[in-house]
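First comes the structure, then the notes that go with it.
Every number in this text was worked out from the coordinates using simple rules, so none of it is lab data. Keep in mind the model is a prediction, meaning the values are calculated, not measured. Using ideal geometry, Cβ is built from the backbone for each residue, glycine included, and neighbour counts are taken over all protein chains shown.
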Amino acid sequence: MTTDCIFCKIVNGSIPSKIIFEDEDVIVFNDIKPINPIHFLIVPRVHIDSLAACDVQHQALLGKMLLLAPKLAKEQGLIGFRTMINTGREGGQEVFHIHVHVFGGGEQLPKL
Ligand code: AMP
Ligand code: ZN
């Protein structure tokens, strides 16, 4: 737990969120400012600043987070979806607690 981290506060329940899945390692909740009709965030319970702060000890956790994306996307009714991990301020990261964005369900997503 990092005291000023908004996602740690969601993990410990002190900030409400619309949780769609949780287990001992991760919590998954809807993004407060969705960019598509379905947009959720896969967040580890443990505080890790970003993908750049991960190393081999996080391999299983990262794999688990990625494998949850298609499972939960399907449960949310998505056929196709996009995953995104913003890393560092220059990479568009605003919340410095690693998370995987999963979104889709509107128009076909534009090619990047
Ligand atoms: P990023 O730019 O990758 O760090 O994404 C942070 C995401 O967290 C943004 O899409 C925000 O809309 C989302 N977000 C911020 N605060 C909350 C919150 N309290 N509940 C749900 N999502 C949030
Ligand atoms: Zn945190």
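About its Cα centre, the dipole of region 6-104 is roughly 260 debye, where the only charges are +1 on Lys and Arg Cβ and -1 on Asp and Glu Cβ.
Per-residue ellipticity at 222 nm computed for the chain from its helices equals -6500 deg cm²/dmol, with DSSP H segments shorter than 4 residues left out and the rest contributing -39,500 (n - 2.57).
With N the number of residues in the chain, Rg(Cα) / (2.2 N^0.38 Å) evaluates to 1.03.
Take the alpha-carbon centre of region 77-103, take the same for region 1-66, and report the distance between them in whole Å. If you average the Cα positions of each part, the centres end up 11 Å apart. The gain in end-to-end length when the I15 to L112 segment is fully stretched comes to 31.6 nm, 0.36 nm per residue minus the alpha carbon separation. Considering only trypsin sites (Lys or Arg not before Pro) in DSSP loops that have at most 10 other Cβ atoms within 10 Å, the longest stretch of the chain without any of them is 19-110.
When the GluC sites (Glu not before Pro) in region 13-108 are filtered for DSSP coil states and for at most 12 other beta-carbon atoms within 10 Å of their beta-carbon, the remaining sites are E24, E94, E107.
In summary, the lysines within cross-link reach of K111, defined as a Cα separation below 25 angstrom excluding same-chain residues under 8 places away, comprise K33, K71, K74.
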